[in-house]
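The values are calculated or read from the model by the stated rules, or taken from the named source; none is laboratory data. Just so it is clear, the structure is predicted and the values come from calculations on it, not from any experiment. Every residue, glycine as well, gets a Cβ built from its backbone with ideal geometry; the counts of neighbours run over all protein chains shown.
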Amino acid sequence: MHTQLEELVAKAQESIAACRTPNDILDARAAYLGKKSVLNGLYARLRELAPEERPAFGQLINQARTKIEGLIAAKDKEIKNAVRAQQVQQELDPGMPGWMSPFGSLHPVTIVRKKIEAVFMSMGFEVAQGPEIEDEYHNFDALNTPQDHPSRNLADTFYLQNGKLLRTQTSTVQIRVMEKYKPPIKIISPGRCYRNDKPDPSHSPVFQQVESLWVDKGISMSDLKDTLQNFATAMFGPDVKSRIRPHFFPFTEPSAEMDISCVSCAGEGCRVCKQSGWLEMGGAGMVDPAVLSMVGIDPEIYSGFAFGLGIERIAMLKYNIGDMRILFENDVRMLRQFRGESL
């Protein structure tokens, strides 16, 4: 059987070397490694040997099998490379004109986010970042949100294990910054937020928000209004007006909503602004003294304002996009509209 094994390996080497097509390789694999192959039959003949001879001969069979498998694998790769090279040669026509690959572009939300950062940095704000996985203290308690507030419910917030949650607002960053630094503080904090909302034309469970915070001596609502107007002018043009109107938020006192004149009808009234002439932008207000005290800042000495804006909301207004879901559907036709858009 030793002689038979040596002859089998030599014959396999010769046959495999003669293979020219993928089918030849399949035939060779079946002939030398298949269930009905001579090599496979040798395993059954081990019982014909004396017990002390079986391990050594079994090892020889395994070595032969490994060698044949290596020969087949190498030849298979060689044939596939040759076939591919032939296909490329047939497909390649140096006389054919080339084609231009389309240029990529930034997503409109990315464009708007970078523009927002540039506008606020030009006004002296710094960009701050914070974790997207937060704890209840930074997301709710430190922002003066009571235990029975609806935003704490499972219907609004994604809770994780060990008291963690996905932040519902980037206001968490202002708490972390005020814990670490003392006034003056002048920051914006753009980033992703998460709320348990079903996707619709104006809502998404994942969205981006930019929070602004300015804490110093003598900061007032006038500073807030001027900052919001400067932002509206830089983002939407010199003809856009802004206003603030009373509202309520747990972490600001007094609180306000920021509106801008409709960018579609210039304030005359249309379908986009529901004939009101105004568009809602986001919440704002003076930082509640309780929030300042929570982070160790004396509200008798310092005051500050904060406001939050939805980045997708701004992108929809700036580019006249009627449905927020369009921003997340990866429709290349929509993305092509922003090719070459400047920041």
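Quick notes on this one:
- Residues of the stretch 229-241 classified as under 30 Å from the mean Cα position of the chain (by Cα) and within 15 Å of Gly124 (Cβ to Cβ), total: 2
- Between Ala284, Ala315, the distinction of being part of a helix (DSSP H, G or I), closer than 23 Å to His203 by Cα and touching a helix residue (DSSP H, G or I) at 6+ places or on another chain (Cβ under 8 Å) belongs to Ala315 only.
- Residues that are surrounded by 13 or more Cβ atoms within 10 Å (Cβ to Cβ) and free of Cβ contacts under 8 Å to residues at least 24 places away in the same chain, drawn from the stretch 50-72: Arg54, Gly58
- Screening Tyr181 with (1) surrounded by fewer than 19 Cβ atoms within 10 Å (Cβ to Cβ); (2) within 18 Å of Ala315 (Cβ to Cβ); (3) aromatic (Phe, Trp, Tyr) gives one miss only, at (2).
- When restricted to residues that are surrounded by fewer than 20 Cβ atoms within 10 Å (Cβ to Cβ) and either touching a residue at least 12 places away in the same chain (Cβ under 8 Å) or in contact with a Leu (Cβ under 7 Å, 6 or more places away or on another chain) (or both), the stretch 243-254 contains 6.
- Checking the stretch 95-103 against the condition returns no match, with no residue being surrounded by fewer than 16 Cβ atoms within 10 Å (Cβ to Cβ), assigned by TED's automatic domain parsing to the domain that holds Ile321 and touching a residue at least 12 places away in the same chain (Cβ under 8 Å).
- Condition broken by Arg84, with the remaining ones in (1) of a type in the set (Lys, Arg); (2) surrounded by fewer than 16 Cβ atoms within 10 Å (Cβ to Cβ); (3) modelled with pLDDT of 85 or more satisfied: (3)
- Checklist (1) assigned to a helix (DSSP H, G or I); (2) outside the structural domain of Asp331 (by TED's automatic domain parsing); (3) closer than 27 Å to Gln337 by Cβ applied to Phe120, failing item: (2)
- Set Ile301, Ile260, Ile219: member being out of contact with any Lys or Arg (no Cβ under 6 Å at 6 or more places or on another chain), surrounded by 18 or more Cβ atoms within 10 Å (Cβ to Cβ) and at pLDDT 95 or above: Ile219
- Taking the criterion of being touching a residue at least 12 places away in the same chain (Cβ under 8 Å) and among the charged types (D, E, K, R), the only residue of the stretch 1-23 that qualifies is Arg20.
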